[in-house]
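The values are calculated or read from the model by the stated rules, or taken from the named source; none is laboratory data. Here the structure is a predicted model, which means the values were calculated and not measured. Don't worry about glycine lacking a Cβ; one is built from the backbone with ideal geometry, like all the others, and counts go over all protein chains shown.
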Amino acid sequence: LTMPETPEEKKFRIQQGVVKRMMKEHKCYIEETNKGVQEIATMKNGPNPDEYMLKKMAERVEESRSMIGDACRRLVAACGDLEQAIDVLGKDADDEGMKAARELIESSKLQVGAGNS
């Protein structure tokens, strides 16, 4: 028989999901930007580059670039909320859930650092 989840445990579980989702979103915007830059380069070097299409692709790349910063801010905020949830829960640092949450925070910090360079 399992114990019912406390509000603190529920918030902790939800915050872990938020951080995972924000990491995925941040990564997708970076990949989308890189793909767009490559497509523009390919189109420019190809025969008869279409100026209208190049302009539209450049707009799409800029939009993705701006979303990287937004996703980064939301990811950092979500990590802060998860760290607060960890502190409130106050479980043993050796607890598997706590270890996983701390690893998630560390990997998100690495991703944010790599995405901004």
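Quick check on ALA41: is it assigned to a helix (DSSP H, G or I), of a type in the set (Gly, Ala, Ser) and out of contact with any helix residue (DSSP H, G or I) (no Cβ under 8 Å at 6 or more places or on another chain)? Yes; evaluated as a whole, the condition is true for this residue.
Considering segment 15-29, the residues that are over 8 Å from the mean Cα position of the chain (by Cα) and either at pLDDT below 95 or not hydrophobic (A, V, I, L, M, F, W, C) (or both) include one that is farthest from ALA100 (Cα to Cα), namely TYR29. Among the residues that make up segment 41-50, is at least one of them farther than 30 Å from MET98 by Cβ and surrounded by 14 or more Cβ atoms within 10 Å (Cβ to Cβ)? Within segment 41-50, one or more residues are farther than 30 Å from MET98 by Cβ and surrounded by 14 or more Cβ atoms within 10 Å (Cβ to Cβ). Taken over segment 36-74, the residue count meeting the criterion of being at pLDDT 95 or above and of a type in the set (Phe, Trp, Tyr) is 0.
Among the residues of segment 67-94, those that are surrounded by 13 or more Cβ atoms within 10 Å (Cβ to Cβ) and acidic (Asp, Glu) comprise ASP81, GLU83. Quick test for you: out of ASP81, ASP87, pick the one residue that is under 27 Å from GLY113 (Cβ atoms), acidic (Asp, Glu) and touching a residue at least 60 places away in the same chain (Cβ under 8 Å). It is ASP81. Taking the conditions exactly as written (touching a Ser or Thr at 6+ places or on another chain (Cβ under 7 Å) and within 30 Å of GLU8 (Cα to Cα)), does CYS72 satisfy them or not? Answer is no for this residue. Condition first: surrounded by 12 or more Cβ atoms within 10 Å (Cβ to Cβ) and acidic (Asp, Glu). Now tell me which residues in segment 51-66 satisfy that. Once the filter is applied, which keeps residues that are surrounded by 12 or more Cβ atoms within 10 Å (Cβ to Cβ) and acidic (Asp, Glu), segment 51-66 yields GLU62, GLU63.
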